[in-house]
1. Give the shape of segment 1-141 as rounded, prolate or oblate, defined through the alpha-carbon gyration tensor: a ≥ b ≥ c are the square roots of its eigenvalues, a/c under 1.5 means rounded, and otherwise the shape is prolate if a/b is larger than b/c and oblate if not.
2. Give me Asp275, Asp75 sorted ascending by neighbouring Cβ count inside 10 Å, so fewest comes first.
3. Suppose every K and R has +1 on its Cβ and every D and E has -1 on its Cβ; what is the size of the dipole of the chain about the Cα centre, in Debye to the nearest 20?
4. When the dipole is taken about the Cα centre of segment 175-296, and only Lys, Arg (+1) and Asp, Glu (-1) are charged at their Cβ, what size is it in debye, to the nearest 20?
5. Which residue, Val111, Ala285, Thr22, has the largest displacement toward the positive end of the dipole of the chain when charges sit on each Cβ (Lys, Arg +1; Asp, Glu -1)?
6. So how long is each side of segment 46-118 along the principal axes, counting just the alpha-carbon atoms, biggest first, in Å?
7. Normalising by the residue count of segment 144-287, find the relative contact order in percent from Cα pairs under 8 Å and 6+ residues apart.
8. Pick from Phe225, Phe98, Phe187 the residue whose mean-square fluctuation is largest in a GNM of the chain, springs joining Cα atoms under 10 Å.
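What follows is calculated from the coordinates using simple rules that are stated; it is not laboratory data. Treat the numbers as computed from the prediction; the structure is a model and nothing was measured. Cβ atoms come from the backbone with ideal geometry, glycine included; neighbour counts cover every protein chain shown.
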Amino acid sequence: MENNDCIKEKDDYILQKNPDGTIITVRDLQLQVLEIMDEIHRVCVKNNIHYGLIAGSALGIVNYKGFIPWDDDIDVCVVREDWDKFIEALKKDLDPKFYFQCFEVDSKFNVINGPTMKIRKRGTYLEEVNFLLKNRCKSGNGIFVDVIIYDNRSDSKFNDQVHQIFMKCLMPFYVLVDNLHVPHKAFSHFIMWYAKRYGRKNKNSHRVSQPISVPWEKFLKDPIFLKEDVFPFKLYDFEGRKYYSYNNIEKILKEWYGPNCLKKWNGTKWEETLDISKRKPKHVAYISLNSEEKNK
């Protein structure tokens, strides 16, 4: 037994059954996402930008050396200090097969939707399961990788929660004006400014996470980590290539998902610990691998 062996368990998780009888599986989507991720890695390495796989993508590194079989996305972070440089690098170096959306280049981008940016593939279409905030960017709805800023967070949990409460109070108003199609560029700009200011005020803290502008995390469950566990990012095996992720990856994952999230050795092979009823994709409402429009 080698400690770095990964789970071999695989399955065909169906995302969509098409009218012509064909099916699209999670693996079909993952292969498309890998193309985007390869390009992100290339651009970041070329421009000395620090990024890392986070959340379920990091869990996939440890348990599967790649995607969790039912995971239908990749989550990436870029450090705040590199954010502006990252945007400029994408403008300059991103392959034309791909495009990106963020508030800095499109004021219609939803700034509390979770990711700070989406990098998408042309010639594809993906509609997310999202009942509150739709993609308002006119550039497209291609298959994507989510990118989020990792920013400084306060060492005081009380102080951090005060700011979280403020952001959560703003969320219903943001959702309302967005769904009423009321222009809210100034509102979005304030939220982005507030998050950046908060990170700057805590630049000497010992903790880091997604910006305070993301209001969806539960109180006391917001994944905030010690900087020494996150940085420096390390290279790990992922689907036959190498991507960056957390410095102390297993500790981070246990803090985020609980002590039993990692693979378990049963004496013969590594096993998945997640209950089988929870092993299912959750983000895709509709997908096309070869069209930029949704079939009626």
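1. Values: a/c = 1.88, a/b = 1.19, b/c = 1.58.
Oblate shape, in that a/c is at least 1.5 and b/c is the bigger or equal ratio.
2. Placing the least packed residue first, the sequence is Asp275, Asp75.
3. It works out to roughly 700 debye.
4. Taking the Cα centre of segment 175-296 as origin, the dipole is about 280 debye.
5. The residue sitting most towards the positive pole is Val111.
6. Reported extents, whole Å, longest axis first: 36, 28, 27.
7. The value is 20 percent.
8. Top of the fluctuation ranking is Phe187.
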